[in-house]
Amino acid sequence: MKTYAIVGLGHRAQMYLGALLGAHRGDGVLVGLCDSNPGRLAYAAAVAREGGVAPACYGAEDFDVMLAATRPDRVIVTVPDYLHAPYIVRAMQAGCDVITEKPLTVDPAGAAAILAAQRASGRSLIVGFNYRYSPVRTLFKQVLMSGIIGHVRNATFEWLLDTNHGADYFRRWHRGKAHSGGLFVHKATHHFDLLNWWLGTVPQRVTALGRRVFYRPEMGDALGLQDRGVRCTGCPAFARCGFRLDVAGSAHLTALYAEAEGHDGYWRDACVFSAEIDIEDSMNALIEYANGVVANYALTAYNPCEGYRVVFDGTRGRAELRNVERRAVNPDGSLILPVPPEEDVIVVQPQFGRQYVLKLPEATGLHGGGDAVMLARLFGPASNDEYGHVADERAGAWSAMVGMAANASLLSGAAVELAGLVGDVPQPDYAPGPFGPDAVWQVFDASRYPFLQGATVL
Ligand SMILES: NC(=O)c1ccc[n+]([C@@H]2O[C@H](COP(=O)([O-])OP(=O)(O)OC[C@H]3O[C@@H](n4cnc5c(N)ncnc54)[C@H](O)[C@@H]3O)[C@@H](O)[C@H]2O)c1
């Protein structure tokens, strides 16, 4: 059984903690916990004790001491994005394998350091691209791998974040570009990774536009919130603000953040209309791929609803995936409870054929059901990874590099080449499938494609 240590014990770490104490307690043993905040360290230690485990606890200054004393097989990195690189590098130098949260890192120097440390140590690095693992997105990958729509030539990918989820990136460390790389890196790394993985290739050139059009002081004023404070806690405009976060109303947020803020001054609920925010909330990118595909990508973070739409236009047809994660949020900014299940539709249309609306697999849990499948893959017994779900440092770098190039394009106004941004990054194993340049084109025959079984034909 593998031994694990976790560094960074905030929101995301709870998922890994829960897995090692719950569904995967027979697959791994938690031996060490590390965080710069003694409050969150104590909270995680208490959760572990309740789960019957007593890992050794260390402050950030004793991370290396933790590695030497507890000798974990794997280190799980769940610190803020700008701190991934130093922790990943130190863990691999100490001989540990690493599971890191996305994005791999926020800048080219961090990516180069991680790739060099991986090469020198030979350790394994897995990036937690949970979106890949969802059953519906995996089915979409199957569609593309089958070659049913021929060679993909164009892609359109639109992602909407609603005012509950999207606003959250403007409350804390994500809102500083130096800490998160902005949403082009922090959030879009998921989407750029999906594009790379679905297309089975790597990007070459990026041209981007980005603005902050909504989370601005002027918008707070326009919404009648002129008397707002610097954070939701104690804000005079709290009751009137649809963007408030009620930390006191959540026992979890109170324990994880409010009760720990005396140690480091980390506010979970800074005002989303602060002048100091320097990331974009509205972004567009044109991405050119090595295999000739051009993708048109858009992300907005202030929508009334949440979801996405991705379309691939191929030489033999078209495939579209539409998702509604949430249709609306409450006027006070909270989620409508109980949260309804996500709605997905996949439409595949072969050239000169009818539209097939696919029968979809069951998916439960967060991120389209991706979290649970990813945890089973990370912690459970090894099995054949036929769709190439597991992402390593190369996939982490290629996806983060799109965001880094987009950020560079925002500054220069020009297209940015990915080659040379980080050095030589080999192409990842994206499992492009049996369909390749030499695939035999044949007359469309629905019986050749198992995913069309049970489809509705329009
Ligand atoms: N894949 C996903 O769907 C998903 C979802 C949420 C977050 N994430 C990722 O997880 C990571 C953590 O995000 P979060 O929302 O949990 O943030 P968070 O702020 O809730 O937690 C970060 C933790 O790191 C600790 N920390 C800060 N500086 C540190 C240091 N120098 N040394 C040790 N610990 C330090 C903080 O005290 C805090 O406990 C990020 O990289 C984020 O991108 C991924």
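None of the figures in this text is laboratory data; all of them are computed from the coordinates on show. On a predicted model such as this, the values are computed, not experimentally measured, just so you know. In this analysis, Cβ positions are derived from the backbone assuming ideal geometry, glycine residues included, and neighbour counts consider all displayed protein chains.
Projecting the Cα positions of S121, G166, H151 onto the charge dipole of segment 58-188 (unit charges on Cβ atoms of Lys, Arg, Asp and Glu, taken about the Cα centre) puts H151 furthest along the positive direction. Taking only the alpha carbons of segment 217-264, we obtain Rg and Dmax values of 12.4, 35 Å in that order.
Straight-line reach from K359: taking Cα to Cα under 17 Å and skipping same-chain neighbours fewer than 8 places apart, the aspartates and glutamates in range are E320, E342, E343, D344.
When a/c reaches 1.5 or more, the comparison of a/b and b/c decides; with that in mind, is segment 283-430 rounded, prolate or oblate per its Cα gyration tensor? Rounded shape, in that the Cα axes give a/c under 1.5.
Rounded to the nearest 20, the size of the Cβ-charge dipole of segment 178-314 about its Cα centre is 240 debye, with Lys and Arg at +1 and Asp and Glu at -1.
Proximity of backbone amide H atoms, modeled 1.01 Å from N, is registered between K359 and A455, T456 at under 5 Å, excluding neighbours fewer than 5 places apart on the same chain. In segment 248-271, whose amide N lies under 16 Å from the spot 7 Å out along Cα-to-Cβ of V230? List them in ranges. Label zone hits: 261-271.
Please work out the C-alpha center-to-center distance from segment 171-203 to segment 349-394 and express it in whole Å. Using only Cα atoms to place each centre, the spacing works out to 19 Å. When only Cα pairs below 8 angstrom with a gap of at least 6 residues are kept, segment 2-130 shows a relative contact order of 23 percent.
Please compute the alpha carbon radius of gyration of segment 2-130, then divide it by the globular-protein estimate 2.2 N^0.38 Å. Two decimals is fine.
The value comes to 0.97.
Listing S134, S282, S409 from fewest to most neighbouring C-beta atoms within 10 Å gives S282, S409, S134.
Straight-line reach from K177: taking Cα to Cα under 29 Å and skipping same-chain neighbours fewer than 8 places apart, the lysines in range are K102, K187. Helical content of the chain, expressed as a calculated mean residue ellipticity at 222 nm, amounts to -8500 deg cm²/dmol (DSSP H runs of 4 or more residues, -39,500 (n - 2.57) each, divided by residue number, nearest 500).
When the chain is described by a simple charge dipole with +1 on each Lys and Arg Cβ and -1 on each Asp and Glu Cβ, the residue from S409, C96, T78 located farthest towards its positive end is S409. Of all DSSP beta bridges confined to the chain, the antiparallel ones make up roughly 65%.
Excluding the site residues themselves, the longest part of the chain lacking any GluC sites (Glu not before Pro) in a DSSP loop with at most 13 other Cβ atoms within 10 Å is 1-275. With contacts taken as Cα pairs under 8 Å at a separation of at least 6 residues, the chain carries a relative contact order of 21 percent.
Evaluated with a Cβ-only charge set (Lys, Arg +1; Asp, Glu -1), the chain carries a dipole of roughly 520 debye about its Cα centre, given to the nearest 20.
Taking amide H atoms as placed 1.01 Å from N in the peptide plane, the amide H of R231 lies under 5 Å from those of C271, each 5 or more residues away in sequence or on another chain.
In order along segment 342-350, phi translates into HN-Hα couplings of 5, 10, 10, 9, 10, 10, 10, 10, x Hz, rounded to whole numbers, per the Karplus curve 6.51 cos²θ - 1.76 cosθ + 1.60 with θ = phi - 60° and x for Gly and Pro. Remark: relative contact order (segment 217-264) = 21 percent; criterion is Cα-Cα distance under 8 angstrom and separation of 6 or more residues.
Plainly put, the chain has a radius of gyration that is 0.96 times its Kirkwood radius, both from alpha-carbon atoms, as the Rg/Rh ratio. Two tests apply to each whole DSSP H helix in the chain, Cα reach of 15 Å or more along its axis and mean Kyte-Doolittle hydropathy of at least 0.5, and the ones passing both are 108-121, 393-412.
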